[in-house]
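First up is the structure itself, then whatever we jot down about it.
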Amino acid sequence: MRMHATNTNAIHRIKRIAPLLLLTALLIAVGVGCGSEKENAQELLELAQSHQAAGKLDDAVLTYTKAVRADPELTAGYVNRGNVKLQLGAFDGALLDYEKAIELQPDHFGAVFNSGIIHFLNGNFDRALAQYDRALELNPDNFDTHLNRGTLFFAMGQYEDAIREFTVVIEKGSDPEHAYYSRGDAYSDLGKYELALADYSHVTTNVYTPFRKWIAHHRLEQPEEAEQTIAEYLDSLNKESVPNDALAVYGYLSGNFDEEKIDGFMNEYEVQGYEEGTVAVCFYLGSAHVLKGDLTKARSYFERGTRDEMLTVSEYASMKHALSAMDALAE
């Protein structure tokens, strides 16, 4: 089964960036000055937005560039061009655009928030935290900021701080499932496995949840519950459409596998040229190498997944979780 995780990554980014584009649309409505050059910049801006909406991202970047050349003070042009570059994985270029937008308009929430994302992905945690703090000053009720702050604290090993941020989202946000999963991981890393399991019970869509639940049951010496977790998850899968996914997850969790099928699974991905590739493929290949008993190679795939240049914040955290799970298995 071929996997096109790059497209999935873009979808994740669009979901996160979409609310920010609504904010820049307001700026467009009020930020246009007089004169033919600024009128031309506005026309280019609208054309670039249409390219972006149609998925013509390279054309969008070129047209946004023309817009800001026509009006170098067009904040919306820099923000939207940065958003497109972020979708394309051009983090450094996106960051330059957001910084220019912040220079022109220091209270632009979208530019501040997304620059925090880029600093996080680049491993600049102090800068990321500063931008998220600023984002909360600008919009205290934005739950994406709390969620990203929690992910940042988790990556820094500040689990209590992470739990506090995730709890805000759970108690007040409209879509708390990701926060439940992430808070469960924080509880698990603190050794609070009962609390972790309680949070995982609220999660239905994350592929990594069964493994984290298995780890918790394993640490609590609950083998029957661990096996039940595996069985329930396999029952929820469509085994006709995703047999390799089911095989990888089942084998990763329980150690029971058909060696011939695992060899075929690994060969399918590696022959297709995905061995260097995306987060999901790194996860599955790492899982397969766990089954083969090669923990060194498994770890190399999990670590490679954290270096994917198209990585989203949540995916980075998920790969770090897989590495911590490897440590738990080794004990």
* Looking at Gly116, is it crowded, with 24+ Cβ neighbours inside 10 Å, in the same structural domain as Thr63 (by TED's automatic domain parsing) and either without any contact (Cβ under 8 Å) to a residue 24 or more places away in the chain or over 14 Å from the mean Cα position of the chain (by Cα) (or both)? -> no
* To do: Working only within the range 198-222, note down all residues that are within 22 Å of Ile170 (Cα to Cα), at pLDDT 80 or above and assigned to a loop (DSSP other than H, G, I, E, B).
  => Ser201, His202, Val203, Thr204
* Looking only at the range 75-85, decide whether some residue is more than 15 Å from the chain's Cα centre (by Cα) and either surrounded by fewer than 20 Cβ atoms within 10 Å (Cβ to Cβ) or aromatic (Phe, Trp, Tyr) (or both). => yes
* To do: Name the residue, out of Arg149, Arg127, that is assigned to a helix (DSSP H, G or I), over 17 Å from Glu165 (Cα atoms), of a type in the set (Lys, Arg) and at pLDDT 90 or above.
  => Arg127
* Asked: Any residue at all in the range 112-121 that is over 29 Å from Asp199 (Cβ atoms) and either of a type outside the set (Asp, Glu) or in contact with a strand residue (DSSP E or B) (Cβ under 8 Å, 6 or more places away or on another chain) (or both)?
  -> yes
* Structure fact -> Considering the range 187-225, residues that are among the charged types (D, E, K, R) and under 22 Å from Thr167 (Cα atoms), and then whichever is surrounded by the fewest Cβ atoms within 10 Å (Cβ to Cβ), we arrive at Glu194
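The values are calculated or read from the model by the stated rules, or taken from the named source; none is laboratory data. Here the structure is a predicted model, which means the values were calculated and not measured. Cβ coordinates were reconstructed from backbone atoms using ideal geometry, including for glycine residues, and neighbour counts include every protein chain displayed.
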